[in-house]
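These notes are about the structure you will find just below.
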Amino acid sequence: MICSNVKIKDGVLYFGGQNTVLLAEKYGTPLYLMDEATIRENCRNYVSALQEYMGQDSYPLYASKAASFKRIYEIIGEEGLGADVVSSGEIYTALKAGFDMSKAYFQGNNKTDEDIVYAMDNGVGYFVCDNVEEVDAIERIACEKGIVQKILLRLTPGIDPHTYDEVATGKVDSKFGTAIETGQALEIALHTLECRHISLEGFHCHVGSMVFESSTFTRSAEIMLGFMHELKNNCGFVAKILDLGGGYGVKYTCCDPAIDIKENIKGVCEFVKAECQRLDYPLPSLRLEPGRSIAANAGMTLYTVGTVKRITGYKNYVSVDGGMTDNPRFALYGSKYTVLLANKASEETTIECDLVGRCCESGDVIQPNVKFPNSVTRGDIVAVLTTGAYNYSMASNYNRICRPPVVMIDGERDYVSVKRESFEYLTANDV
Ligand code: LLP
């Protein structure tokens, strides 16, 4: 099995030690499951690797766009991670969870004045500042409030991380960050250092998502440290923090490589230390911003089969009670997933089907060419694995379909961490 938290016992699929068929019965479908132990284990890998190889003041930030709800901020807070937040909505959710906002890092390429005020009023520790307009807005608003705001500057190191275009962000031609190559990064850094209400703490980059080559991170580090060194020579400024962003890929199918996160981080830290020594640059404290590699393999989605359509001479379609509303990733990126029947997990899979949702459009495909047992029929439970990242957080109410609940598994216990949406919720804002 692709994840160690997934097992088959007596023909039934177990997740986090629990019988998924019974969970589907108890909570209904579609259903997002998340395994608390896996989230915690993923967090601990990052925290311990950064502390061991870089030092006590280095820590990971959970990129909460991967899955943002109160309970997950509580868990990552308990595990010692900071949070990467990208909107006032994520800040609000983290606050509601009692998250320590001094460890919140506010990202995004277009923060409105309202966002900036909201973040400052709620004690967000760091702004990851994308562009010069934002620097000026932060300076103006911080001045009005009589505070000094800590920031990192987001730079683009000009790296192509070999992933899909929608998630590649480190190239010079990007809506994110300020380019090193064009000289604009130096300009924005010098400009920021003149701002009296901004404390420039360091630099950030994020080159992309679903990255499997560790050299991507060392190349980013090399370019970022080269820039930091140049800036030091130019004006004497020494950065305290280097944030290399997120992006480690995960195993969605048996074809994806498995990454040893700890080993990878060790390599990155060793590279950063050696490079700092070579450049005679004081060692900065390191941040990484994992999202997918914290949440993805901690999640699974369960559906109930409604119809099985066998079109003679063409294709087979298995329709379930969810779809692109709870998982838009195939429709958006052609993303691959591992799929199986939870109640017939040991049956031989002999027919190929497109697993489709219930939305009124043909593009509503969860996964094409899935192998199912020939006995697949109405009432069977379909499990799509590794859906903990970018599924719940990208879900929609298209066709006025209610979003599923998120049920957390905690050993022998299970509990609702996000409720199933109701029809009342759907019309709550209609006037
Ligand atoms: N830091 C920044 C600044 C980011 O923009 C992202 C992801 C991350 C960290 C976390 O990256 P991760 O470790 O999760 O790869 N919706 C897409 C993924 C978009 C990623 C956007 N930024 C998907 O479903 O594949």
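For the stretch 285-339, residues that are under 24 Å from the mean Cα position of the chain (by Cα), of a type in the set (A, V, I, L, M) and part of a strand (DSSP E or B) total 5. When we screen SER335, SER417 for residues that are more than 16 Å from the ligand (Cβ to nearest atom), surrounded by 17 or more Cβ atoms within 10 Å (Cβ to Cβ) and closer than 19 Å to TYR32 by Cα, the only hit is SER417. Among the residues of the stretch 66-88, are any closer than 25 Å to PHE176 by Cα, within 16 Å of the ligand (Cβ to nearest atom), among the hydroxyl-bearing types (Ser, Thr, Tyr) and in a loop (DSSP other than H, G, I, E, B)? Yes: the stretch 66-88 contains one or more residues that are closer than 25 Å to PHE176 by Cα, within 16 Å of the ligand (Cβ to nearest atom), among the hydroxyl-bearing types (Ser, Thr, Tyr) and in a loop (DSSP other than H, G, I, E, B). Can you confirm whether the stretch 219-235 contains a residue that is closer than 24 Å to VAL124 by Cα and either touching a strand residue (DSSP E or B) at 6+ places or on another chain (Cβ under 7 Å) or surrounded by fewer than 16 Cβ atoms within 10 Å (Cβ to Cβ) (or both)? No, because not a single residue in the stretch 219-235 is closer than 24 Å to VAL124 by Cα and either touching a strand residue (DSSP E or B) at 6+ places or on another chain (Cβ under 7 Å) or surrounded by fewer than 16 Cβ atoms within 10 Å (Cβ to Cβ) (or both).
When the test is whether a residue is farther than 30 Å from GLU41 by Cβ, among the hydrophobic types (A, V, I, L, M, F, W, C), in contact with a Pro (Cβ under 8 Å, 6 or more places away or on another chain) and touching a residue at least 24 places away in the same chain (Cβ under 8 Å), MET228 passes it.
Of the residues examined, LEU279 is not one that is closer than 27 Å to SER215 by Cβ and surrounded by 20 or more Cβ atoms within 10 Å (Cβ to Cβ). Residues in the stretch 111-118: is at least one within 15 Å of the ligand (Cβ to nearest atom), at pLDDT 95 or above and in contact with a His (Cβ under 7 Å, 6 or more places away or on another chain)? Checked the stretch 111-118: no residue is within 15 Å of the ligand (Cβ to nearest atom), at pLDDT 95 or above and in contact with a His (Cβ under 7 Å, 6 or more places away or on another chain). For GLU187, the conditions (1) within 16 Å of the ligand (Cβ to nearest atom); (2) in a helix (DSSP H, G or I) all hold with the exception of (1). For the stretch 208-223, a tally of residues being more than 14 Å from the ligand (Cβ to nearest atom) and in contact with a Leu (Cβ under 7 Å, 6 or more places away or on another chain) returns 1.
The values are calculated or read from the model by the stated rules, or taken from the named source; none is laboratory data. Owing to the predicted nature of the structure, the values given are computational and were not obtained by experimental measurement. All Cβ positions, even for glycine, are placed from backbone atoms using ideal geometry, and neighbour counts span all protein chains on display.
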